[in-house]
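Engineer: First the structure, which I've put down as structure tokens, then a few questions once you've had a look.
The values are calculated or read from the model by the stated rules, or taken from the named source; none is laboratory data. Keep in mind it's a predicted model, so treat the numbers as computed, not measured. Cβ sites come from the backbone with ideal geometry, for glycine too, and all protein chains shown count toward neighbours. Side chains included, ligands, DNA and RNA excluded: accessible areas come from the protein's heavy atoms. Shrake-Rupley method; radii C 1.70, N 1.55, O 1.52, S 1.80 Å.
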Amino acid sequence: MSSIAGHAPLTPFTTSAPPPVAAAKARTRLIAIDALRGLVMLFMLVDHVRETFFLYMQVTDPVDANTTDPGLFFTRLLSTFCAPTFVALTGLSAWLYGQSHSKGQVSEFLLKRGLFLIFLEVTVVGYAWPTQAPAFPPTAIWLQVIWAIGISMVALAALLHLPRAAQFGVGLAIVGLHNLLDPIRLTADQPGYVAWAILHQRSLIEFGGAAIKTTYPVLPWIGVILLGYACGPWFAKGSDPQRRMRRLLMTGLGLILGFVAIRYLNIYGDKPWFVGETPLRTVMSFLALTKYPPSLLFLMPTVGTGCLLLALFEKYEDSAVMPHLALLGGAPMFFYILHLYVLKLIYNVALALYGPTKGTVFGVDNLSTVWIWVALLILPLYFPTRWFAQLKQRRKDIWWLKYL
């Protein structure tokens, strides 16, 4: 959930006279980036509200296209765009940060920021999940998306020193070939188990009496952040916006069409799809993709769609909605922590009032209620996030704000 580009205040934060046209164009590109990040924050909110109030309706990875209700399937599908977009934009933001800093400074910041995110994952974020009961010390630790972004930033701190062609080569090799490693499954008594559980095998690590669950194995995410960084020069100051948008359009379409072709062949990149009892079930099977760790076929359409949306957002940069999305995307970590604790509060109040309505947990009967809660929460979450994003822009002298 990282936004590290040290850019000038965005349009909605500006209180002085308009800057020169060239500077305005430079900021415009960053508004599109923050706006895309803000949109996927809303997608994430949908998924986390679902996990809070529809927890009793568990989904597998990939989602079972034979048995899962279509509404639940496509609600879950919406969230698949979140992590790939965030990780890729983190790499891009690192490159933008490097336009005004040396590579050594960028590496140092990525290292510090990455370690800080890992710390947040196992402390503040770890206790924020709505149904997580407090325990000190914790008996279970889930290493999830904030952890994955943190580890990826630490890796990028070293990999950004590679030549750009090597960055593309290493990133593409990781993303495209890591599924060849799927057959490698280690057990806890085998050498290298812990490292492999962190890199590629979603598993359980016993440590100090706690069960550490590597929900987000990090190897594919390192490839994604590296590719995001390597694409940074497309956004260089003075670059042609039309050429950049064409590149994003062609990259996005290429990834999505490539996904369709490889997925249709059914020979590599994810678990096979099947022809279902109905055309809808067949489509669901085609779109049921592995997120933990993200398969090649999971990353191709999600990153591809992110490229298309980034081009679209830049094209319609003057739209009234862009500044509001950019505000959400300008303080993603604040929004992330805030929404988790708000959901935790609502869940525990509901549990206290109504008790466990679905087995051992509180839950709602209809998926439509999840969407109603999302709609109700957007404004209460938006205004505090806007305040914090504006604070970050105003108070550049408070150094620790950039870590949030």
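Engineer: Tell me whether the chain comes out rounded, prolate or oblate; compute the Cα gyration tensor, take square roots of the eigenvalues as a ≥ b ≥ c, and use a/c under 1.5 as the rounded threshold.
Structural biologist: rounded
Engineer: Still on this structure, please answer the following. Might you tell me the accessible area per residue for the chain, computed with a 1.4 Å probe and given in Å²?
Structural biologist: Spelled out: the 1.4 Å probe surface of the chain, per residue, equals 45 Å².
Engineer: Select from LEU162, LEU143, LEU297 the residue whose mean-square fluctuation is largest in a Gaussian network model of the chain (Cα-Cα springs shorter than 10 Å).
Structural biologist: Residue with maximal mean-square fluctuation among LEU162, LEU143, LEU297: LEU162.
Engineer: Please go through the stretch 326-404 and write out the trypsin sites (Lys or Arg not before Pro) that DSSP classes as loop and that have at most 10 other C-beta atoms within 10 Å.
Structural biologist: Sparse-neighbourhood loop trypsin sites (Lys or Arg not before Pro): ARG395.
Engineer: What is the Cα centroid distance between the stretch 52-97 and the stretch 104-123, reported in whole angstrom?
Structural biologist: Comparing the Cα centres of the stretch 52-97 and the stretch 104-123, I get a distance of 24 Å.
Engineer: Only sites in a loop by DSSP and with at most 14 other Cβ atoms within 10 Å count here; which trypsin sites (Lys or Arg not before Pro) in the stretch 211-249 make the cut?
Structural biologist: LYS237
Engineer: Classify the stretch 86-196 as rounded, prolate or oblate, taking a ≥ b ≥ c as the square roots of the eigenvalues of its Cα gyration tensor: rounded when a/c is under 1.5, otherwise prolate if a/b is larger than b/c and oblate if not.
Structural biologist: Oblate shape, in that a/c is at least 1.5 and b/c is the bigger or equal ratio.
Engineer: Using the Cα gyration tensor of the stretch 164-270, with a ≥ b ≥ c the square roots of its eigenvalues, what is the shape: rounded (a/c below 1.5), prolate (a/b larger than b/c) or oblate (neither)?
Structural biologist: prolate
Engineer: Before rounding to the nearest 500, sum -39500 (n - 2.57) across all DSSP H runs of length at least 4 in the chain and divide by the residue total; then give [θ] at 222 nm in deg cm²/dmol.
Structural biologist: -20000 deg cm²/dmol
Engineer: Just in the stretch 44-104: which chymotrypsin sites (Phe, Trp or Tyr not before Pro) are loop by DSSP and have at most 16 other Cβ atoms within 10 Å?
Structural biologist: TYR56
Engineer: Let me ask something additional. What full-extension length gain, to one decimal in nm, is calculated for LYS271 and ILE372 as 0.36 nm per residue of separation minus the Cα-Cα distance?
Structural biologist: Numbers: separation 101, 0.36 × 101 = 36.36 nm, distance 3.36 nm.
The span from LYS271 to ILE372 would gain 33.0 nm if fully extended.
Engineer: Name the lysines eligible as straight-distance cross-link partners of LYS315: C-alpha to C-alpha under 25 Å, and not fewer than 8 places from it in the same chain.
Structural biologist: Candidates past the 8-residue exclusion: LYS25, LYS237.
Engineer: Going by Cα centres, the stretch 305-321 and the stretch 327-404 are how many Å apart?
Structural biologist: 25 Å
Engineer: So, one more: What is the percent carbon and sulfur in the accessible area of the chain, measuring with a 1.4 Å probe over the protein chains and ignoring ligands?
Structural biologist: Carbon with sulfur: 69 percent of the solvent-accessible area.
Engineer: Of all DSSP beta bridges located in the chain, what percent are antiparallel, nearest 5?
Structural biologist: Numbers: 6 of 9 bridges.
About 65 percent, rounded to the nearest 5.
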